[in-house]
Amino acid sequence: MKSLLRILKYLRPYRFLAVTTLFCAMLTTALELVPPWLLKIVIDDVIQARRLALLPWVIIGLLSAYGLKNLFASLRIRFNNTLEQRVVYDLRDQVFTALQRLSVSYYENRSTGEIMSRVNNDTEHVERIFIDGLEGLLTASLTLVGITIMLFALNWKLAVLSLIPIPVLIVSATVFTKRVHGYYHAIRRSAAELNAYLQDALSGIRETMGFNRHAYERGRFNALSQQYSASNLKAMCLWSVYSPSMIFVGSLGTALILWYGVGEVLRGALTVGELVMFLSYLALFYVPINQIHSVNHMLQHALAASERVFDVLDTPPEVQDRPGTVRPAERFQGAVRFDRVSFHYRPDVPVLSDMTLDLKPGERIALVGPSGAGKSTMLKLLMRFYDVQAGAITIDGHDVRDMPLAFLRSQIGLVQQEPFLFNGTVRDNIIYGDLAADQFRIKEVAQAARAHEFIAELPEGYETWIGERGVKLSVGQKQRVSIARVLLKNPPLVIFDEATSNIDTETEVKIREALNYLTQGRTTFIIAHRLSTLHNVDRIVVVDRGRIVEEGLHEELLNRGGLYAGLYEAQFQL
Ligand code: ATP
């Protein structure tokens, strides 16, 4: 109920459209009540009282009623669909905005497919509330009220008899609603699981091919697909018992009227025309009741979906702007300090412990250490993908938590190990660094990033489509495109996560040239995996189990014979 009220609030900006839709629905309903009345005139006045002159007028009246009813029905469909598309557009927009606002931790704890399912499938089901739900519920209720009034106006005794099955219908509807709502939650969950699996399986299709795991993946897909079918069937089974039973209970009303009404006609208390008219209205009376059952059924599905959508809207971002933060400068100089920083993802496993590190503006350092030492985590904290649990990280003396997130991130350029490129052209991907850049500037940064050469050789140069995640480019090429886009962004701080995959020497040289250009005059963190390439940094910082264990230059650290020397030796032997 709370979700339904919340959904209704989305109608507020479109009040006029909602009222117009309702008005058309009311007229359609009112016009539906005209034909049984005309039928009574035909039987009692035209046929039995032999007033044939009335017949043409009755036929004109009947055609006009049908014509107008369908005209208003057409307008209602049009207004209703416009209303529903606008509301669902607003809802989708809100969900996407909420998703963009959420922190990295939200995404690291959920699968992309599951989230996509909420944006696409669940909002689509919410749409059903507006298409068939609210409008159906309103028109059916109005019809019901209209017909009830007619029934009582015609014959109150018959009307009371026809209402006898109603309490049974109400009790059953309440029980059904409760049970089916739970089933629909399960359906939405299995739909999301199926979607999540599908997304994962399609992303990993190369692994499936490489390991020949088609049959295995098909099995996993079918298991989830089966679970989805089974949860749908459960709801449908309940509906298959409920819906016909309710129609049967409703028809008991008709039987009662026949039994009592025929007696009334024989006693002369009722005309044949009146009984036929009453039965016609009674048939109409159960149409909206059955409609309300169906709408309720559909509504439970839509409401279960809406609860999943609202769950996204209601999740507060773990990392967000503190109230009243203002940007501390136009542009940072780039002095970074990790001041006794501690951090963990899970309380029992510390990742960084009391770490202190100072960088002067424009200094280039390499972070080195065994896998899992905490190097990437340090830089996730610098970008505020997560917040430190103790200590502070400052830039030019300002705590990163005391400035707007957008400003902080505008000051840092990130080149990831395997950079993410969007499904678009090379140009689209470079311009991401500065959407206002012109072609001249794009080419300039591509040249500086040593990317122009290979881009020029692509079939359509900068306009070449590079596929999802940039699959049509090699890792080395992706890194250079990524360097170009950071150059366009022109931040005072740079994070460069060196590619771990093997890159040929020629590409390696080009990336290094590009990196040297990129890092000039910018405070730089390089997460280094290949220690042979570490000659061009001001300092090497060795991290182990969340602590800094050594600092210095390559030769010094080698001579010291500590962890760095051990790592270097291990790589050299490989
Ligand atoms: P590598 O060189 O292999 O990339 P790293 O030094 O960059 O390693 P981190 O990625 O910082 O190491 O990881 C530090 C520790 O934190 C590891 O034990 C890792 O398993 C854990 N970790 C990293 N990300 C998460 C996460 N999102 N949730 C839970 N644990 C995480």
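The values are calculated or read from the model by the stated rules, or taken from the named source; none is laboratory data. None of these values were measured; they are calculated from a predicted model. With ideal geometry, Cβ positions are generated from the backbone for all residues, glycine too; neighbour counts draw on all protein chains shown. Surface accessibility is based on the protein's heavy atoms, side chains included, excluding ligands, DNA and RNA. Shrake-Rupley method; radii C 1.70, N 1.55, O 1.52, S 1.80 Å.
Within the accessible surface of segment 63-202, defined with a 1.4 Å probe on protein heavy atoms only, the carbon and sulfur portion equals 63 percent.
Protein heavy-atom accessible surface, 1.4 Å probe, per residue over segment 151-211: 55 Å².
Taking Met236, Met378 and ordering them by how much accessible surface each has at a 1.4 Å probe, largest first, produces Met236, Met378. For segment 31-126, the fraction of alpha-carbon pairs lying more than 22 Å apart is 59 percent, rounded to a whole number.
Over segment 449-561, the Kirkwood radius and the radius of gyration, each from Cα atoms, give a ratio Rg/Rh of 1.02. Centroid-to-centroid, using Cα positions, segment 520-574 and segment 338-387 are 16 Å apart. Taking 0.36 nm per residue of separation and subtracting the Cα-Cα distance, full extension of the segment from Leu4 to Asp438 would add 151.4 nm. Heavy atoms of the protein chains alone define the surface here; on that basis segment 429-574 has 49 Å² accessible area per residue at 1.4 Å probe size. Can you work out the FRET efficiency for the pair Phe152 and Val272, with r the C-beta to C-beta distance and R0 = 22 Å, to the nearest 0.05? Between Phe152 and Val272 the formula returns 0.60.
Placing +1 on each Lys and Arg Cβ and -1 on each Asp and Glu Cβ, with no other charges, gives segment 440-492 a dipole about its Cα centre of roughly 280 debye. Legend: residue pairs Lys380/Lys489; Lys40/Lys157; Lys2/Lys380; Lys472/Lys510; Lys9/Lys178, Cα-Cα distance threshold 27 Å; pairs beyond threshold, Lys2/Lys380. Beta bridges per DSSP, both residues in the chain: antiparallel share near 55 percent.
Taking all Cα-Cα distances within segment 448-510, those exceeding 14 Å account for 61%. For a paramagnetic label modelled at 7 Å from the Cα of Asp428 toward its Cβ, which residues of segment 438-475 fall within the zone defined by backbone nitrogen distances under 11 Å? Flagged as within label range: 464-470. Of the Cα atoms belonging to segment 150-207, the radius of gyration and Dmax stand at 24.0, 75 Å.
Using a simple spin-label model with pseudo-atoms 7 Å out from Cα toward Cβ, Arg213 and Gln520 lie 4.6 nm apart.
Using a probe radius of 1.4 angstrom, the carbon and sulfur fraction of the accessible surface of segment 461-567 is 47%.
Computed on the Cα atoms alone, the convex hull of segment 341-488 gives a volume of 141 cubic angstrom per residue. Using C-alpha pairs below 8 Å separated by at least 6 residues, the relative contact order for the chain is 14 percent. Each 5 Å bin from 0 upward holds the following percent of the Cα-Cα pairs of segment 300-364: 4, 10, 9, 12, 15, 15, 11, 8, 6, 5, 3, 1. For the pair Leu238 and Asp314 in one chain, pulling the backbone fully straight at 0.36 nm per residue adds 24.2 nm over the alpha carbon distance. The loop-placed chymotrypsin sites (Phe, Trp or Tyr not before Pro) in segment 183-266, going by DSSP, include none that has at most 10 neighbouring Cβ atoms within 10 Å of its Cβ.
Taking the 1.4 Å solvent-accessible surface of segment 340-430 as the whole, the part contributed by carbon and sulfur is 51%.
Between Asn290 and Ser74, the modelled labels are 2.7 nm apart [label points 7 Å from Cα along Cα→Cβ].
Across segment 199-301, the volume of the C-alpha convex hull divided among the residues equals 117 Å³ per residue.
Accessible surface area normalised per residue over segment 25-68 is 61 Å², counting heavy atoms of protein chains with a 1.4 Å rolling probe. The three principal axes of the C-alpha atoms in segment 109-163 carry coordinate ranges of 63, 17, 10 Å, sorted with the longest axis first. When each full DSSP H helix of the chain is screened for a Cα extent of at least 18 Å along its own axis and an average Kyte-Doolittle hydropathy of at least 1.0, the helices passing are 15-32, 134-154.
Diffusion of segment 99-246 by Stokes-Einstein, at 37 °C in a medium of 0.692 mPa s and with Rh set to the Kirkwood radius over alpha-carbon pairs, works out to 169 µm²/s. What FRET efficiency comes out for Gln389 versus Glu468 if R0 is 45 angstrom and r is the Cβ-Cβ distance? Round to the nearest 0.05. Using R0 = 45 Å, I get an efficiency of 0.80. Taking GluC sites (Glu not before Pro) as exposed when DSSP calls them loop and at most 12 other C-beta atoms lie within 10 angstrom, the chain has its longest site-free stretch at 1-329.
Annotation: extensible slack from Ile59 through Arg12 equals 12.7 nm (criterion: 0.36 nm per residue apart, minus Cα-Cα distance). P(r) tail for the chain: Cα pairs beyond 39 Å make up 51% of the total.
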